[in-house]
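Participant: I have a structure here, written as structure tokens, and I will follow up with some questions on it.
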Ligand SMILES: [Ca+2]
Ligand SMILES: [Ca+2]
Ligand SMILES: [Ca+2]
């Protein structure tokens, strides 16, 4: 009897989860959103999945909170009127226990989703295709088993090796030794130098072929200078220790979160990169936009929107004080607006006509929470971060806008 009640209650919660998910997703699709959970392609700026998860989660917590509250009130009432009947008391305890367990299950499912999600959405051509170098601590033959460090290891069990995707200030983990270097998956777009001292100091040894066996010299640091076009986010102002981005990433490469101090752009022909650097993961928090390398001094960067610079064309960015492009609208902007004046905090939908990308800011002078939009949005209250309402949102609404010409 008790067990069947528990099962019934869990089933109710699960079906609520499913019903509310479908309900929210359907509503999102109604307002012509891209399909939920789309993995961002090279041209996409936004990852919608975290927004959906957040939205669904909030709804479920609200509904479950009401249910749990209702159960506790009802159980409390039954307890008060039980007149010490042991069956009623144990039944009441049971109900409250089930409600709490249900709540815990919902909260942990969110934690799991939240943990898995960043990995689902991170794709970086360079960082995920395992391009880089393998450095061996003692000389190995370039002809035998070089294509696969694992087989090299089986040939010579005492040889240690480490894979590098970006420069390293130290080869401490190889006891400051490099006996051989093998470049894998990439030869054209990567230049590799070994240095006798830490921090790329002392004498430099260029690695000129895809595999090099070195004399028994000690090396203490390695530089991987990527040549391919993209946005380079670097841990040092000399731009030696960099991760490369050719598409927007809700999370920086391993070891680069909050560690980026400088940015570089490598462009080819008519492709010119630009980047919006966000303080938080998933393109949230404050942001700054760059189309050329600034002096170093960046800090706290956790995600990046990569775009291609374009020429201004089209009407521009228009804001409306109602959803679905209704109500009073601003005149189309083709240049930055440090304050929207009377229109501050009023925008509820946005259209972008032509080759533009819009950066929306919560405060005047491009301050506070920022959000990048490339396309029209009929409802800035759903699935967005910059416009918010309620107790926990101070000054929630757009006060300033940057209008950036991009290639679409
Ligand atoms: Ca950060
Ligand atoms: Ca929206
Ligand atoms: Ca505001």
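The values are calculated or read from the model by the stated rules, or taken from the named source; none is laboratory data. Keep in mind it's a predicted model, so treat the numbers as computed, not measured. Cβ: placed from backbone, ideal geometry, glycine included. Neighbour counts: every protein chain shown.
Participant: Report yes if residue 377 is out of contact with any helix residue (DSSP H, G or I) (no Cβ under 8 Å at 6 or more places or on another chain) and within 16 Å of ligand 3 (Cβ to nearest atom), otherwise no.
Facilitator: No, not satisfied.
Residue by residue, here is whether (1) modelled with pLDDT under 90; (2) in a loop (DSSP other than H, G, I, E, B) holds:
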{"residue": "183", "(1), (2)": "yes, no"}
{"residue": "188", "(1), (2)": "yes, yes"}
{"residue": "199", "(1), (2)": "no, no"}
{"residue": "209", "(1), (2)": "yes, yes"}
{"residue": "212", "(1), (2)": "yes, no"}
{"residue": "238", "(1), (2)": "yes, yes"}
{"residue": "244", "(1), (2)": "no, no"}
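Participant: For the range 337-346, how many residues are out of contact with any helix residue (DSSP H, G or I) (no Cβ under 8 Å at 6 or more places or on another chain), modelled with pLDDT of 95 or more and part of a loop (DSSP other than H, G, I, E, B)?
Facilitator: 1
Participant: Run down 380, 360 and say which single residue is in a loop (DSSP other than H, G, I, E, B), farther than 26 Å from residue 243 by Cβ and within 16 Å of ligand 2 (Cβ to nearest atom).
Facilitator: Unique residue meeting the criteria: 380.
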